[in-house]
Amino acid sequence: MHEQFPVLFSPCMIGNVKIKNRICKAPQTSGLSNLDGSVSPRLIRYYEDLANGNVGMIIVEYAYIDNLYSKSASNQLAINDDEYIVGLGWLADTIKNLGSVPCIQIEHCGRQRFLGPPMGSASPIPWPLMYERYGSAAIPEELSIKEIDAIVEAFGQATLRAKKAGFQVVEIHGAHGYLITNFLSPFTNKRSDWYGGSRENRFRFLEQVFKCCKSYVGEDFPVIVRLSGTDYEPEGMTIDDTIYYSKRLEELGCAAIDVSGGDHHTMVHQVTPMQLSKGHNVWAAETIKKEVSIPVFATGSITLPEYAEEILEAGKGDFVSLGRPLFADPFWAKKAYEGRPEDIVPCIRCNEGCLDRGNHLGKSVNCTMNPILGFEDALAIKPADKPKKIAVVGGGPGGMEAARVAKLRGHDVTIYEKRKLGGYLHEASVPEFKADIRNALKYLTTQIEKLKINVVNENADAAMLL
Ligand SMILES: Cc1cc2nc3c(=O)[nH]c(=O)nc-3n(C[C@H](O)[C@H](O)[C@H](O)COP(=O)(O)O)c2cc1C
C-alpha cells in the first residue's frame, strides 16, 4: 500500500481491464495530429511522456467518427476510416508498452464545430459563438432519421477500429455540448419525434450509439461514457437527467461513467479557471456514484495529489481524471508515487496555453507552466556541452525557471534578486480567487532550494557581475 496516497495508488478494474492506479488522463484535443487527422510523431512523443509518467489509463483525445460533420477542429485526431488504424495502433501500442492502459474517446461535434458550418444537431439551435461568427449559416441542420442511423453506425465502426488498433477501452463522448449532449439536453433538443421530449426519448440516441458500439466489439470489451453532470444551461440538462442516463447506461453494460460538466457555451464550468472553486464538478461525480455500482470518474480542477486522494478517500469517485494538470506536468503521477509531490509542476488553471491558444484551438497545445509541452524532444533539458558560471539577474518566475533549467543542465548558477524570490507572483497571488498562483510560487521556490541554487539578495550591476 502506498504510504502517502493509498487510494490513489491502488488498482481498480474497468470491466475486465485492470488499471494500476486511480489516475486517468482526461481526453484533451492537442492539435498535435497531422492535418489529415492521422497520428503524428509529435502526438506519439507527447503521449509517451504521459505513459512514462505512471498514468493508470490514458484516454486519448477525441477522435472524429465520420466523413461528414463530426470533425470539430483542425488537426483533430481521426478514426473515421480504416486507413487510420495503423497510426492509431502505433499510438495504442506505445501507451501499452510503457505500462499504461490505452483508451480512446470517440466523438461527433454536433453543433459545436470550431471549423464552422455546415453542422448537424438534434435541433436547429446554433452555438452562440458560431452564430456570432457565421450568422444564420451556423444554424445546424436538424438531423434526419436516416442521418442519425448513419451516425450511430459510424460510432460502432469507430469502436471496432479502436479495438483493432489495440485500444483496451473506448470512451463515447457524451458530454460538453457535442452531438450526444445536443440530444440529451432539453436546451438543444426540441424534437417532436421519438428522439425528443421525454428523458427516455432524449436518451434514445445515446442508447443506440452505445448498443451499436458494443455490438461491434463484444460484451467483454469495456465501453465507457463521458457525461456532463449538468450543462449549466437555463432549462438544460439536470443532475436528475444524468442520474437517469447513468443508470440506463449501467443496465446496458457500460463499464464506467466519466462525469464532467458544462458545454462550450458554459465553458467556465467545464474548463474551470482559477477564479472558480477547485473540484468544480466533483459534486456531480459524487451524486452519480451513489446511484450506480460501476466505477465513476471525478474530473475537473483536481490539480494536486493530496486533493485527489481526499476525493477518492471520501468515496466521491473511483478514479480521478486529470486534464490540464497533466499538461503542466506529465510526470504528475510518477512524482506523487515517488513521494515527491512538491516536484509536481502545478497547473494554475490560467487556460492561456491550452484552452485559449490561438483564439480557441487555432494552434497546437502549449502551457504557461510547461514550455516543453508539444516540443518534448526539441526543448528537452540536456546536459550542457560546456558547464558555465551563470548569473540570472532577477528572481521572478522567469528568472527562477531559467535558473532551474540552467542548473539541471549542469551550470553553476547564481540568482541576483533584491526582494524575495518570486517577483510579482507574490502580489498576483494575494486575492483568494488567484490562490492557484501560490502553488506556482511554492513549486519554484522549492526547486531553487532543492537544487541548492545560490541566491544573492542584492541588485546586480555590471561591475559586480564582472
Ligand atoms: C485544450 C483542451 C482540450 C480538451 N479536449 C477535450 C476532449 O477532447 N474531450 C473531452 O471530453 N474533454 C476535453 N477537454 C476537457 C477536459 O477533458 C477536462 O474535462 C477539463 O480540462 C477539466 O479538467 P482539468 O481541470 O483536469 O483540466 C479539453 C480541455 C482543454 C483545456
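Details
- For the chain, calculated [θ]222 nm from helices alone, where every DSSP H run of n ≥ 4 adds -39500 (n - 2.57): -10000 deg cm²/dmol
- Anisotropy class of the chain from Cα gyration tensor, a/c 1.5 cut: prolate
- Carbon + sulfur, % of accessible area of the chain - ligands and nucleic acids excluded, 1.4 Å: 54
- Within the same chain, lysines fewer than 8 places from Lys18 are excluded, and of the rest, those with a Cα less than 20 Å from its Cα are Lys96, Lys163, Lys164, Lys214, Lys289, Lys334.
- Region 1-31 versus region 265-309: alpha-carbon centroid distance in Å: 15
- Degrees, to the nearest 10: 41-52 long Cα axis against longest axis of the chain: 80
- Aspartates and glutamates whose Cα lies under 14 Å from that of Lys388, excluding same-chain neighbours fewer than 8 positions away: Asp412
- By average C-beta atoms within 10 angstrom, highest first, the peptides 113-122, 451-460: 113-122, 451-460
- Share, in percent, of DSSP beta bridges within the chain that are antiparallel, nearest 5: 5
- Angle between the chain longest axis and helix 199-217 axis [Cα atoms, degrees, rounded to 10]: 80
- Cα pair count fraction exceeding 25 Å, expressed as % - region 359-466: 30
- Sequence-distant contacts, meaning Cα pairs under 8 Å at least 6 residues apart, place the relative contact order of the chain at 13 percent.
- Cα gyration tensor, region 1-44 - rounded (a/c under 1.5), prolate or oblate: prolate
- Cα centre as origin, Lys/Arg/Asp/Glu Cβ charges: region 12-343 dipole, Debye: 240
- Three semi-axes describe the equivalent ellipsoid of region 122-194; taken as square roots of 5 times the Cα gyration tensor eigenvalues and ordered largest first, they are 27, 15, 12 Å.
- Over region 146-270, Cα pairs under 8 Å with separation of 6+ residues give a relative contact order of 29 percent.
- Crossing angle, helix 85-97 versus the chain [Cα axis fit, 0-90 degrees, rounded to tens]: 50
The values are calculated or read from the model by the stated rules, or taken from the named source; none is laboratory data. Remember, it's a predicted structure, so these values are computed and weren't measured experimentally. Here the Cβ is made from the backbone with ideal geometry for all residues, glycine too, and neighbour counts use every protein chain on show. When the accessible area is computed, the model is the full protein with side chains, heavy atoms only, and any ligands, DNA or RNA have been set aside. Shrake-Rupley method; radii C 1.70, N 1.55, O 1.52, S 1.80 Å.
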